[in-house]
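Heads up, the thing below is written out as structure tokens.
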Amino acid sequence: MTIDLHPPPAPPPAAQPEARRVLLLTTPHSYRTAAFADAARQLGIEALQAVDMPAELADHWNFRLGVDFTQVEQASRQIVEALAERPVQAILSLDDSGAFLAARTSQLLGLPHNAAAAADAARNKYQMRRLLAAAGVLSPRFQRFFSDDDLNGLGPTVETRIGYPCVVKPEDMNGSRGVIRANNRDELLVAARRLLQLIGPGRHFLVEEYIPGVEVALEGILDGGELQVLALFDKPDPLEGPFFEETIYVTPSRLPEAVQADIGVTTGLAARGLGLEMGPIHAELRINERGAWIVEIAGRSIGGLCSRTLRFGTDASLEELILRQATGLPIAGLSRQGQAGGVMMIPIPEAGILRAVHGVDKAKAVSGIEDVQITAQRNYPLVPLPEGDAYLGFIFAAGSSPAEVEAALRAAHAELRFEILPEIRLTVL
């Protein structure tokens, strides 16, 4: 037998069957885009982007197609046309706003995807509540209202069907934006009027039962409808209102194993109730003596820069796991790697113009702190919750125990000082 020691050269990478490409649906200011783009480069996956913005503003970006995520059918056709000569293995929405578009476009292209109705339910709080109730998953009582309705009937309806305390929230915003607790009829009317200023006319909103208890966040991935829990985060700061600004996330959870198991089971049931079958999920739950209650479940990964606290298998990021699953690459391991970890989403202390942040170097020098990232732009307005939708930045920590990580985050935050000037509003007479 003769062995050819000089086989013909391999075809260029673009022509090889294993060449992989994904389309990321993102927004101009999404925290997640860079992490997914970096993970794609690590895996040798070409990451194209479609951005929720007018096409003319996106022309100068490198194949960043500008489409309107709210015009789903038109945007789907634009994407299908743009991908005609650059086929992809998957379309991933990095934020809730593109989830329905990703599912619809994947359907047109014959790509693996969640059902469009499931993707929509995971971003629309009313549809989510209806489906969770039908599935028998513990979730708050709720009532839907229309922003153009007479608010005088709001109090009696809520008192009959929900009771106090209750929570007013928009139907389709996230990050605790517009979410306000009310303890009586007067507070309910104030909260509703404040929310209506935010969402505007012609929109629906919810009033829900307030669920007491500790809050946790679960990060997971679905495969064929089966949930693999990747991480469970404790939220040690109480979230009791009137607004619900998240601050510290720490993993692994310090809750008893039986409680953690119940959280995983409840989240899996919730995902199935919505019809989600594949890809990442991020769930928020409240835990009390009655069990684990689903506050929200989203068909995406954790927000902000928080995924930096997670490493898996042989040092893989969360984004690498998601991209591997989406493109059919093998996954070495789903077990979380390393020490306890945590992140603090730095809250906005007051409205105004951010002029400076002092003490960053001192915060970075705190034992256990891995990094401090100030993401808010200097000389730009700061808008706190419930109207705002961003943080001042993020603090990352690692340590031998969750308690050590939490202490490091609090110590680092105490070193920071924020120079904020009141925003001057001019009145034209």
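Which of the trypsin sites (Lys or Arg not before Pro) found in the range 334-429 are loop residues per DSSP with 13 or fewer other Cβ atoms within 10 Å of their Cβ? Before the final figure, lay out each step's value.
Details: sites: R336, R355, K362, K364, R378, R410, R417, R425; in loops: R378, R425.
Sparse-neighbourhood loop trypsin sites (Lys or Arg not before Pro): R378, R425.
Where Lys and Arg each count +1 and Asp and Glu each count -1, what net charge lies around E419 among other residues with Cβ under 13 Å from its Cβ? Write out the running numbers ahead of the final one.
Values: positive: R355, R378, R417; negative: E350.
So the surrounding residues net to +2.
How large are Rg and Dmax for the range 141-209 when calculated on the C-alpha trace, in angstrom?
My reading of the Cα-based Rg and Dmax gives 10.6, 29 Å.
More than 23 Å apart: what percent of Cα pairs in the range 14-114 qualify? Display every interim value, and only then the final one.
Numbers: 895 of 5050 pairs.
That tail contains 18 percent of the Cα-Cα pairs.
Can you tell which of F418, F312, F394 shows the greatest fluctuation in a Gaussian network model of the chain with Cα springs below 10 Å?
F418
Provide the per-residue ³J(HN,Hα) series for the range 183-198, in order, calculated from phi with Karplus coefficients 6.51, -1.76, 1.60 and θ = phi - 60°, each as a whole number of Hz, with x at glycine and proline positions.
Going residue by residue, I get 9, 7, 5, 4, 5, 4, 5, 4, 5, 5, 5, 5, 5, 5, 4, 7 Hz, with x marking Gly and Pro.
What's the longest piece of the chain with no exposed GluC sites (Glu not before Pro), counting a site as exposed if DSSP puts it in a loop and it has at most 15 other beta carbons within 10 Å? Present the calculation step by step, with values, prior to reporting the outcome.
Details: sites that count: E18, E85, E240, E289, E350, E387, E423.
Longest stretch, sites excluded: 86-239.
Could you work out how far apart the two model spin labels at R290 and Q339 are, taking each label as a point 7 Å from the Cα in the direction of the beta carbon, and quote it in nm?
Computed distance between label sites R290 and Q339 equals 4.0 nm.
Provide the percentage of antiparallel DSSP beta bridges, counting only those with both residues in the chain; round to the nearest 5. Walk me through the numbers on the way to the answer.
Numbers: 64 of 79 bridges.
Percentage antiparallel, nearest 5: 80.
Going by C-beta contacts inside 10 Å, put Y164, Y31 in order with the fewest on the left. List each step's numbers first, then the result.
On the way: Y164 16, Y31 21.
Result, fewest neighbours first: Y164, Y31.
Enumerate the residues in the range 386-406 having an amide nitrogen under 20 Å from the point lying 7 Å beyond the Cα of A356 toward its Cβ.
Answer for this model: 392-393.
Given the Cα-Cα distance of L198 and A133 and 0.36 nm per residue of separation, how much length would full extension add, in nm?
On the way: separation 65, 0.36 × 65 = 23.40 nm, distance 2.77 nm.
Residue separation times 0.36 nm, minus the Cα-Cα distance, leaves 20.6 nm.
Near K362, which lysines are there with a Cα under 21 Å away, not counting those fewer than 8 places off in the same chain?
none
When we measure straight from the Cα of K169, which lysines land under 19 angstrom away, once same-chain ones fewer than 8 places off are left out?
Output for K169: K125.
What is the Rg over Rh value, at two decimals, for the chain, using alpha-carbon atoms and the Kirkwood definition of Rh?
For the chain, the value is 0.99.
Can you sort T33, T266, T160 from fewest to most other Cβ atoms within 10 Å of each residue's own Cβ?
Details: T33 19, T266 22, T160 9.
Ranked by crowding around the Cβ, least crowded first: T160, T33, T266.
Counting residues in the range 205-263 as N, plug N into 2.2 N^0.38 Å and put the Cα Rg over that result.
Working: Rg = 13.6 Å, N = 59, 2.2 N^0.38 = 10.4 Å.
Ratio of Rg to 2.2 N^0.38 Å for the range 205-263: 1.31.
How much length is gained on full extension from R41 to S400, taking 0.36 nm per residue of separation minus their Cα-Cα distance? Intermediate values should be presented prior to the final figure.
Details: separation 359, 0.36 × 359 = 129.24 nm, distance 3.12 nm.
Taking 0.36 nm per residue and subtracting the Cα distance, the gain is 126.1 nm.
Among the aspartates and glutamates, which have Cα under 13 Å from the Cα of K235 when same-chain residues fewer than 8 positions away are ignored?
E215, E245, E246, E284, E406
No value in this document is a laboratory result; all are computed from the given coordinates. Because the structure is a prediction, the values reported are computed rather than measured. Please note: Cβ atoms are built from the backbone with ideal geometry, for glycine as well, and neighbour counts cover all protein chains shown.
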